[in-house]
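**Student:** Here you go, one structure.
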Amino acid sequence: MEQSHIVKSFDDELKLINTTLAEMGGMAEAQLTKAVRALVTRDADLAREVVAEDSKIDALETELDRDAIRIIALRQPMATDLRMVITALKTSANLERIGDYAKNVAKRTITLIEMQPVGNTAHTIERMAELAQGLVGSVLDAYVKRDLAAADDVRMRDEEIDQLHTSLFRELLTHMMEDPHSITACTHLLFIAKNIERIGDHATNIAEYVHFMVSGETPDDERPKGDETSQTIITS
């Protein structure tokens, strides 16, 4: 629960940061949704729209950074207030990266549209994106509600995205071995899948910041990880 301060303008400044962060989060979620829809429907115009709109998230991050630095310099916040401002700064940086990954998905989609589809991989990526978007939405809710349990739940849920990423990685390697003509398309799909896997990681980063904001401590346990791509070997 947010606390009130004697100086109302201080409350207003903190609320402004939260409003900007909520806007960034909504835009990042929307960008991911549109980027993956463009991939599944092979819609180059929608993909270009995602690329063009990324600068809006960047601008919001710059705005939030400026406001947060002003608060630290002029208000010298302490304890919970300081943790909130630091968490907002770190969260905005992660949301900006999520926007970048959505843009990267869109840019590769524009290239992929010129090639033949590879199996049913686009729909597997769509499922990964749904899970990633769910994590982003949940962790932003946890931030707003200062919900420690919800933030910790996000950290645990990322494993499913990792497992889908590993499965898709193996599937795409198999496609490349069986049909060398698919190597270029599969390579772009591998990068897209990795982008979405990283979005899940950024959501868990935010969850750890929320944990710190609420409790004053960082999580003392490691989150489960299901990404085994670095150890994957496909034999002919």
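**Student:** Please compute the contact order of the stretch 8-231 in relative form: average sequence separation of alpha-carbon pairs under 8 Å and at least six residues apart, divided by the residue count, as a percent.
**Tutor:** With pairs under 8 Å counted, the relative contact order is 26 percent.
**Student:** Which is farthest toward the positive dipole end of the chain among Gln76, His165, Met176, measuring Cα position about the Cα centre, with Cβ charges +1 (Lys, Arg) and -1 (Asp, Glu)?
**Tutor:** Projecting each Cα onto the dipole axis, the largest value belongs to Gln76.
**Student:** Ignoring the sites themselves, what is the longest stretch of the chain with no GluC sites (Glu not before Pro) in a DSSP loop and at most 11 other beta-carbon atoms within 10 Å?
**Tutor:** 1-113
**Student:** Would you work out which of Asn94, Pro117, Ile57 lies farthest towards the positive end of the dipole of the stretch 8-231? Charges go on Cβ: Lys and Arg +1, Asp and Glu -1.
**Tutor:** In the stretch 8-231, that residue is Ile57.
**Student:** Moving on. Express in whole angstrom the spacing between the alpha-carbon centres of the stretch 133-203 and the stretch 47-82.
**Tutor:** Result: 25 Å between the Cα centres.
**Student:** About the Cα centre of the chain, what is the dipole size in debye to 20, counting +1 per Lys and Arg Cβ and -1 per Asp and Glu Cβ, all else neutral?
**Tutor:** 380 debye
**Student:** In whole percent, what relative contact order does the stretch 100-191 give with Cα contacts below 8 Å and a gap of six or more residues?
**Tutor:** Relative CO of the stretch 100-191 lands at 34 percent.
**Student:** Quick check on packing: order 148-157, 103-112, 64-73 by the mean number of other C-beta atoms within 10 Å, highest mean leading.
**Tutor:** Ranking, from highest mean packing down: 103-112, 148-157, 64-73.
Here, each number is a calculation from the coordinates, and none is a lab measurement. The shown structure was predicted, so the numbers you read here are calculated from the model rather than taken from an experiment. Neighbour counts are summed over all protein chains in view; Cβ atoms, including those assigned to glycine, are modelled from backbone coordinates with ideal geometry.
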